[in-house]
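One structure is given below, encoded as structure tokens.
The values are calculated or read from the model by the stated rules, or taken from the named source; none is laboratory data. From a predicted model like this one, the values you see are computed outputs, not experimental measurements. Neighbour counts are summed over all protein chains in view; Cβ atoms, including those assigned to glycine, are modelled from backbone coordinates with ideal geometry. Ligands, DNA and RNA are excluded from the accessible area calculation, which covers all protein heavy atoms including side chains. Shrake-Rupley method; radii C 1.70, N 1.55, O 1.52, S 1.80 Å.
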Amino acid sequence: MNEYLKSLHNTLKDLGNKKVTFVIGNESCDLDSAVCAIVYAYWLHINKGLDDIVCPLLNVSKVL
């Protein structure tokens, strides 16, 4: 899973014509929602094959 999460950044830079599926947790983005989104995205990535991109999307604010 660690390699999958590290590779997402570079994979999303070069999408080409690949299909992207976003896995979104609930709007409050509490811990269980964030973990479920990440784990389910990873599970879909493993089961859908390498041609599709599956990315967890978490609703958090960026702190500067």
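Things worth noting here:
- Taken over segment 12-25, the criterion of being more than 10 Å from Cys55 (Cα to Cα) and either without any contact (Cβ under 8 Å) to a residue 24 or more places away in the chain or touching a strand residue (DSSP E or B) at 6+ places or on another chain (Cβ under 6 Å) (or both) is satisfied by Lys13, Asp14, Gly16, Asn17, Lys18.
- Unmet requirement for Thr11, which otherwise passes all of (1) modelled with pLDDT of 90 or more; (2) surrounded by 10 or more Cβ atoms within 10 Å (Cβ to Cβ): (1)
- Taken over segment 14-36, the criterion of being small (Gly, Ala, Ser), open to solvent by less than 70 Å² (accessible area, probe 1.4 Å) and part of a loop (DSSP other than H, G, I, E, B) is satisfied by Gly16, Gly25.
Yes or no, residue by residue, for (1) over 10 Å from the mean Cα position of the chain (by Cα); (2) farther than 15 Å from Tyr4 by Cα:
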| position | (1), (2) |
| --- | --- |
| Val20 | no, no |
| Ile24 | no, yes |
| Ser28 | yes, yes |
| Asp32 | yes, yes |
| Val39 | no, no |
| His45 | no, no |
| Val54 | no, no |
| Asn59 | yes, yes |
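- Residue match in segment 37-54 (condition: closer than 20 Å to Asn10 by Cβ and part of a strand (DSSP E or B)): yes
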